[in-house]
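Take this structure first; my questions come after.
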Amino acid sequence: MVQKFRAAATNDGPSTYAPDGPTAAPIFGLGGQQLQGDEIVEGGIATLVSFVGSLLNDGDLCWVLLSCDAGAQQVAPATESAHAVQLGQVENIASPLPLATSASTSPNQAVNQSQVLGVAQTIIDVTASRTLGTTYTNTTGKPIIVYAAGTCGVGGGSIAITIDGLVAQIGNDNTTGHAIATNLIIPAGSAYSVFITGSVTLNSWNELR
């Protein structure tokens with residue numbers, strides 16, 4: 001039995017249909033699931049077909065929504081490359097990992113763009129608020145870059161950056177008056193420090209954060 005009618009309201013979840021005579025029975029989509037919301041739209045012409053069989057509603061009478069003007073259409077899970085997919089099946093095309101809608105905390109999750117180095121970050125001069133040899137922690141939730149620059153005195157020297165207690169980057173020069181600089185990416189949550197050896201004057205300490 002096929003029924004067509006103008007919908008009086010938009011469904012916001014599972015729905016039933018009761019034509020004259022039969023009792024109300026649940027409405028299923030073409031994907032074999034009960035309606036979830038917005039498949040039937042107020043003012044749209046909905047087309048239903050009655051169904052009795054083991055595939056739906058435990059074999060009891062139900063209705064299958066064939067179409068509704070401006071309504072969302074339900075599809076079965078895609079199993080082949082040319083099939084329409086359900087929203088729950090969509091993945092990052094460039095990666096098999098599930099997408100993150102907030103900051104990623106799992107190694108098996110695609111990184112949210114807000115965590116990418118350089119996105120929503122700026123270079124900040126932190127020279128006045130930093131002290132050589134003091135340990136700081138990157139609490140931004142994403143990688144930062146530390147840039148340290150200075151001038152060599154008599155005999156020269158070096159500028160080094162540590163990560164979690166290990167010397168990870170060193171810039172050195174033995175020529176008096178030469179500029180010397182180094183930089184390093186600091187992972188989120190890591191402790192870092194900058195120190196100098198020999199005759200070097202620190203001129204600037206900038207951070208991309």
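Enter the per residue convex hull volume of region 1-66, computed from alpha-carbon coordinates, in Å³ rounded to the nearest integer.
Given the Cα convex hull of region 1-66, per-residue volume reads 76 Å³.
Tell me the label-point distance for the pair Asp58, Ala82, using the 7 Å Cα-to-Cβ offset, in nm and rounded to one decimal.
Distance between the two pseudo-spin positions: 3.9 nm.
Right, another one. Hey, what did the chain get for relative contact order, percent, Cα under 8 Å, at least 6 apart? Don't skip to the answer; put the middle values down first.
Working: 470 pairs, mean separation 32.6, N = 209.
The value is 16 percent.
Please give the residues of region 12-29, grouped as numeric ranges, whose backbone N is less than 14 Å from a label point set 7 Å along the Cα-to-Cβ vector of Gln73.
29
Now for a separate question. Give me the net charge for the shell around Val146: Cβ to Cβ below 13 angstrom, other residues only, Lys and Arg +1, Asp and Glu -1.
Numbers: positive: Arg130, Arg209; negative: Asp125, Glu207.
So the environment of Val146 carries a net charge of 0.
Over region 123-208, consider all pairs of different Cα atoms and compute the Kirkwood hydrodynamic radius from their mean reciprocal separation; express it in Å, one decimal.
Taking the inverse mean of 1/r over all distinct Cα pairs, region 123-208 comes out at 12.8 Å.
Follow-up question, since we're still on this one. Counting only other residues whose beta carbon sits under 12 Å from that of Val194, what net charge do I get with K and R as +1, D and E as -1?
It works out to a net charge of 0.
Kindly provide the Kirkwood hydrodynamic radius of the chain in Å, to one decimal, from all pairs of distinct alpha carbon atoms.
Numbers: mean 1/r = 0.0439 Å⁻¹.
It is 22.8 Å.
Given contacts defined as C-alpha pairs under 8 Å and at least six residues apart, what's the relative contact order of region 2-68, whole-number percent? Let's see the in-between values first.
Values: 139 pairs, mean separation 24.9, N = 67.
Once normalised by length, the contact order is 37 percent.
Further question on the same structure: Could you compute the FRET efficiency for His178 and Ile145, with r as their C-beta to C-beta distance and R0 at 30 Å, rounded to 0.05?
Step by step, r from the Cβ atoms, then E = 0.85.
Can you tell me the dipole magnitude for the chain around its Cα centre, using point charges on the Cβ only (Lys, Arg +1; Asp, Glu -1), in Debye to the nearest 20?
The dipole magnitude comes to about 740 debye.
Rank Gly21, Leu184, Thr79 by how far each Cα sits towards the positive end of the charge dipole of the chain (+1 on Lys, Arg Cβ; -1 on Asp, Glu Cβ) and give me just the farthest.
Towards the positive end, the residue furthest out is Leu184.
Any read-out appearing in this document is the output of simple, stated calculations on the displayed coordinates, not a laboratory observation. Since we're looking at a predicted model, the values are computed, not measured. Ideal geometry is used to build each Cβ from the backbone, glycine not excepted, and the neighbour counts take in all protein chains shown.
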